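Participant: Following this message is one structure expressed as structure tokens.
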């Protein structure tokens, strides 16, 4: 989900609670805080020698001891409004950074309206070789066939 999609959802939402569900179905404790909104850019060179760049809007989530705290859609919308100058374009993916043993980043994959508020579904990230053709990894089609001449 992109920042502009998130903002569009929040702009039409009533002031309701925000809940975060991790990929395994567990929930971030309801009293979480959004402590940072950042534009994180990674510039790198892949194993085939191509220079690449990625960027994301990262919402850092922190759980404190103030168990009565609840983030609602209005407060999140105002936090994102404050962060708007960081994003020249809102067409940027949103990720949630959360620490549960280790710090992890989860892409925001969907938002669902529930009786308890808005449920943010968090997805998973995976590593990949971006230059399979240049580093000897066979290219495989969706149906599982290896493309000729790639090995």
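The values are calculated or read from the model by the stated rules, or taken from the named source; none is laboratory data. Computed from a predicted model, the values in this text were never measured in an experiment. Don't worry about glycine lacking a Cβ; one is built from the backbone with ideal geometry, like all the others, and counts go over all protein chains shown.
Participant: Given (1) more than 25 Å from residue 130 (Cβ to Cβ); (2) surrounded by 12 or more Cβ atoms within 10 Å (Cβ to Cβ), where does residue 67 come up short, assuming only one miss?
Facilitator: Among (1) more than 25 Å from residue 130 (Cβ to Cβ); (2) surrounded by 12 or more Cβ atoms within 10 Å (Cβ to Cβ), residue 67 violates only (2).
Participant: Can you run down the residue pairs with Cβ atoms below 9 Å, 6 or more apart or on separate chains, where the first is in the range 69-81 and without any contact (Cβ under 8 Å) to a residue 24 or more places away in the chain and the partner is part of a helix (DSSP H, G or I) and buried (at least 16 other Cβ atoms within 10 Å of the Cβ)?
Facilitator: Pairs found: 81/7.
Results for (1) touching a strand residue (DSSP E or B) at 6+ places or on another chain (Cβ under 6 Å); (2) in a helix (DSSP H, G or I); (3) within 15 Å of residue 84 (Cβ to Cβ), shown as yes or no for each residue.
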{"position": "10", "(1), (2), (3)": "no, yes, yes"}
{"position": "18", "(1), (2), (3)": "yes, no, no"}
{"position": "29", "(1), (2), (3)": "yes, no, no"}
{"position": "38", "(1), (2), (3)": "yes, no, yes"}
{"position": "57", "(1), (2), (3)": "yes, no, yes"}
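Participant: I'd like to know if the range 128-137 contains one or more residues that are farther than 30 Å from residue 24 by Cβ and at pLDDT below 75.
Facilitator: Keep residues of the range 128-137 that are farther than 30 Å from residue 24 by Cβ, which gives 131, 133-136.
Next, from what is left, pick out any that are at pLDDT below 75: none.
No, the conditions are met nowhere in the range 128-137.
Participant: Restricting attention to the range 135-151, does a residue exist that is over 17 Å from residue 6 (Cβ atoms), out of contact with any helix residue (DSSP H, G or I) (no Cβ under 6 Å at 6 or more places or on another chain) and in contact (Cβ under 8 Å) with a residue 40 or more places away in the chain? Let's see the steps before the verdict.
Facilitator: First, the residues of the range 135-151 that are over 17 Å from residue 6 (Cβ atoms): 135-151.
With the extra rule that they be out of contact with any helix residue (DSSP H, G or I) (no Cβ under 6 Å at 6 or more places or on another chain), the set shrinks to 135-138, 140-151.
Now drop any that are not in contact (Cβ under 8 Å) with a residue 40 or more places away in the chain, which leaves 135.
Within the range 135-151, one or more residues are over 17 Å from residue 6 (Cβ atoms), out of contact with any helix residue (DSSP H, G or I) (no Cβ under 6 Å at 6 or more places or on another chain) and in contact (Cβ under 8 Å) with a residue 40 or more places away in the chain.
Participant: Taking the options 100, 110, name whichever one is touching a strand residue (DSSP E or B) at 6+ places or on another chain (Cβ under 6 Å) and on the phi < 0 side of the Ramachandran plot. I'd like the intermediate steps shown before the answer.
Facilitator: Working: 100 fails: touching a strand residue (DSSP E or B) at 6+ places or on another chain (Cβ under 6 Å).
Only one candidate passes the filter, namely 110.
Participant: Another one. Select from the range 46-55 the residues that are part of a strand (DSSP E or B) and surrounded by 11 or more Cβ atoms within 10 Å (Cβ to Cβ) and write down the one among them that is nearest to the chain's Cα centre (by Cα). Full working, then the answer.
Facilitator: Taking the range 46-55 first, the residues part of a strand (DSSP E or B) are 51-55.
Checking the rest, the ones that are also surrounded by 11 or more Cβ atoms within 10 Å (Cβ to Cβ) come to 52, 54-55.
Working: 52: 19, 54: 13, 55: 11 Å.
The residue in question is 55.
Participant: Within the range 70-86, which residues are touching a strand residue (DSSP E or B) at 6+ places or on another chain (Cβ under 6 Å) and surrounded by fewer than 18 Cβ atoms within 10 Å (Cβ to Cβ)?
Facilitator: The answer is 70, 72, 79, 83, 86.
Participant: Now for a separate question. Which of the residues that make up the range 4-23 are more than 24 Å from residue 100 (Cβ to Cβ) and either surrounded by fewer than 17 Cβ atoms within 10 Å (Cβ to Cβ) or at pLDDT 95 or above (or both)? It would help to see each step written out before you state the result.
Facilitator: Within the range 4-23, the subset more than 24 Å from residue 100 (Cβ to Cβ) is 4-5, 7-16.
Residues satisfying the conditions are 4, 5, 7, 8, 9, 10, 11, 12, 14, 15, 16.
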